[in-house]
1. Could you check, for region 274-286, whether at least one of its residues is at pLDDT 85 or above, assigned to a loop (DSSP other than H, G, I, E, B) and farther than 19 Å from Glu238 by Cα?
2. List every residue pair whose Cβ atoms sit under 6 Å apart, with the two residues 6 or more apart in sequence or on different chains, where the first one lies in region 352-374 and is within 14 Å of His390 (Cα to Cα) and the second, anywhere, is of a type in the set (A, V, I, L, M) and assigned to a loop (DSSP other than H, G, I, E, B).
3. Where residues in region 240-271 are in a helix (DSSP H, G or I) and modelled with pLDDT under 95, which of them is surrounded by the fewest Cβ atoms within 10 Å (Cβ to Cβ)?
4. Which members of region 45-99 meet the condition of being assigned to a helix (DSSP H, G or I), modelled with pLDDT under 95 and not charged (D, E, K, R)?
5. How do the helices (runs of 4 or more DSSP H) wholly within region 121-197 filter down when requiring 3 or more residues that are assigned by TED's automatic domain parsing to the domain that holds Val224 and at pLDDT 95 or above: which remain?
6. Only one of these conditions is not met by Thr66: (1) over 19 Å from the mean Cα position of the chain (by Cα); (2) surrounded by 19 or more Cβ atoms within 10 Å (Cβ to Cβ). Which number is it?
7. Quick one: is Val297 closer than 30 Å to Ala369 by Cα, assigned to a loop (DSSP other than H, G, I, E, B) and β-branched (Val, Ile, Thr)?
Amino acid sequence: MPHIVAANYTPFETPAKRGECTYLWHAEPLIGTKERLVGVRYGEEPFLLRIKPKDGRYIIKADKITRPAPLFKVKEALEGFCELAACERISDNISTIKPSHAAKAQEYRKSVEWFVENFPSEREVWIEVGFGSGRHLLYQAKKHPKVQFIGIEIHKPSIEQLLGQIALQGIENILVVDYDARLFLELVPSNIVGKIFVHFPVPWDKKPHRRVISASFIAEARRVLKPGGVLELRTDSENYFDYAFGLFMAEPSIELEVTKNVTPPVASKYEERWRRLGKDIYDIRMIGRDVSPKKEVGFDFAFERLRYDPKIVQRYDTSPKVYDDHFVHLQKLYRIGEDRLLAELSFGSFERPTHGYILIGPDGADYFAKRPIPTGANIKAHQKIEELLHG
C-alpha cells in the first residue's frame, strides 16, 4: 500500500489544488476512531486519504474502501497533500511508483457502476473470475476476438499486470473490473454469457462462506448463461472439489461434466508448478440449459429526508443491526467543519457486505465516493440506514 510516514503535518485551508488533485475537506474523528480523513478528487474521481497516528508519527495513505487506481493517482495525491501540509517526512514507499504500460490501457478498466449503466450485451460475453496473471484470459481473448471478455479481479497488482499486457499486445476485447464476482453476477443480463471461468479460486478451508462457488453463485450463473453456456470450475483442492460438487448435485436438475488431470490449452504458472509436484487437478463444468427471464437492475439510492442534525451524533449507535436477509452497521463518525458529518459503515449481505461512507450536510446526504450497487440486500439496507440516521 503506498504511504508516507511523517513526523508532523499542518492542516491547510480547503478546497486546495495541486496538479490533478483537489483537496476538498478535512474530516476530524468523532466516534470510534482517532484517525483523520481528507476528501480528495483526482480529475472527476473522488476518494479519501487516511491519516493514522502511530507512535508519535503519522502514516498517510489512501483509504482502502475508496482507493483509486492506478496507483500513480495515489502517489500524486500523497505528494500533493504533503506539500500543502508541510509534512516533515520520515519515510515513504512511493518513489518507485510511475505510470506504466497499464496507463495506456485505462479505457479497458471499468468501474462496477459503469457495468450497471452500460453492460456490453451486443455480443456474447465470457467472464473469468480471479484471472491472476491473466495468462488464460489473454489466451482466450486472442483466440476468440469476436467475444467480449470480462476479467474480474480484486488483486490490484494482477489488474495492473493484465492492463499492461493489453496495451503491449493491442488486445481490444477485454474489460477489467475490480469487484466481488459473487455480487457482479447479479448485475449481468440474463442469457448472454457463453462461458464463466473460475480457475483455482482460493480454497478458504477455514472460512467456507468466502468461497466464490455457493448456491447463490450457481443460481446466478444459471441465469446469465445462455443455453449451452458453461460454468467451468478448475481447482487443485480436493476439499474444494468435494464441496462444490455437493452444491452442484443439490440442484434439482443439472448437467455436469467432471474430469481429472486433463491438460488445458493454456496453464498458469501455478498450475505448472502443481503438476510438477504431482498434485491432482479437478474440473467441473456446468452446462446451462435454462432460458431465464429478463432481470431489471436499478435503484438510485437517494436519501429523501436525511439532513445534517446535531442529534445524529447523539443517536449514532455503532452496534450492528441484523435483519432477516441484510444488516446495517454504523461504525466510525467524523466531523467536517461545523455542519457536516461523514459516517463510515458496512451494510447489505451477510456474506458479501458493502463498505462505504455517507456525507451528511445541511442540504442533504449522499454516499461518498460512490453509491452502492443495486443488489437486493443493499436496497433494503439503504432504507434502514435513512431510518437509523434520520430518526
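1. no
2. Ala365/Leu306
3. Keep residues of region 240-271 that are in a helix (DSSP H, G or I), which gives 240-249, 269-271.
In the following step, the residues that additionally are modelled with pLDDT under 95 were identified as 269-271.
Working: Lys269: 10, Tyr270: 14, Glu271: 20.
My answer is Lys269.
4. Leu71, Phe72, Val74
5. Where helices (runs of 4 or more DSSP H) fall fully within region 121-197 and carry at least 3 residues being assigned by TED's automatic domain parsing to the domain that holds Val224 and at pLDDT 95 or above, they are 135-143.
6. Failed condition: (1).
7. yes
This table checks each residue for (1) surrounded by 10 or more Cβ atoms within 10 Å (Cβ to Cβ); (2) hydroxyl-bearing (Ser, Thr, Tyr).
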{"position": "Trp274", "(1), (2)": "yes, no"}
{"position": "Asp283", "(1), (2)": "yes, no"}
{"position": "Lys294", "(1), (2)": "no, no"}
{"position": "Asp300", "(1), (2)": "no, no"}
{"position": "Arg305", "(1), (2)": "yes, no"}
{"position": "Tyr308", "(1), (2)": "yes, yes"}
{"position": "Gln314", "(1), (2)": "no, no"}
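The values are calculated or read from the model by the stated rules, or taken from the named source; none is laboratory data. Predicted, not measured: the structure shown is a model, and the values here were computed from it. Counting neighbours? That spans all protein chains shown, and the Cβs are built from the backbone with ideal geometry, glycine included.
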